[in-house]
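The structure under discussion appears below in the form of structure tokens.
The values are calculated or read from the model by the stated rules, or taken from the named source; none is laboratory data. Given the structure is predicted, the values throughout are model-derived calculations rather than measurements. No Cβ is skipped: glycine too gets one built from the backbone with ideal geometry, and neighbour counts run over all protein chains shown. Just the protein is used for accessible areas: all its heavy atoms, side chains included, with ligands, DNA and RNA removed. Shrake-Rupley method; radii C 1.70, N 1.55, O 1.52, S 1.80 Å.
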Amino acid sequence: MKTPIPGTRPQIHRARTDLLGIYLNDHLAGATIGAGRSRFAARSHRDPPYAEPLRHLADEIAEDRASLLLIMGSLGVPRRRYKVAASGAAERLGRLKSNGRLCSRSPLTLVIELEFLRLGVKGKELGWRTLRTLAEADDRLDEQELDGLIARAERQMNTLEELRVRAVREVLLTG
């Protein structure tokens, strides 16, 4: 709850749920893709420098998706199930993309997956920042919770960047 300035009437602001509903459902679709892709990457890459960080990231990305659903509920924003279903199907279809090999995984797959996940986490971070801006005026949003989600997204991007650079060196450099 925001503290009013003494001697003034508190002004109540609420986020526009019509446009915010579209925005948050689009982020939920992205979160669904990110959760699926991160779980798939964690199962697919068992090499020691990648396995544990990818498992940890997959768990956090799933937790972030759950946080988004709770925030949507607190704002009275309904989940658009068709967007969630379509994004889940798109994530699974995206696994079929060829990386230069027909029957086996390409070493390039790891680089592409890490780049994809990093882009998704950046989008998530921007979504949290949007909600953080709204939290300054809308008491249904918890500023501290959003600050924590922003900080976690920044840590996730740093981890993904470290893994990406390692993978680029291992896959694309010779000798």
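Some observations on this one:
- Net charge of neighbours whose Cβ lies under 9 Å from the Cβ of D64, counting Lys and Arg as +1 and Asp and Glu as -1: +1
- A simple spin-label model places pseudo-atoms 7 Å from Cα toward Cβ; at E136 and R46 they are separated by 5.0 nm.
- Here S44 sits with roughly 40 square angstrom of accessible surface, probe radius 1.4 Å.
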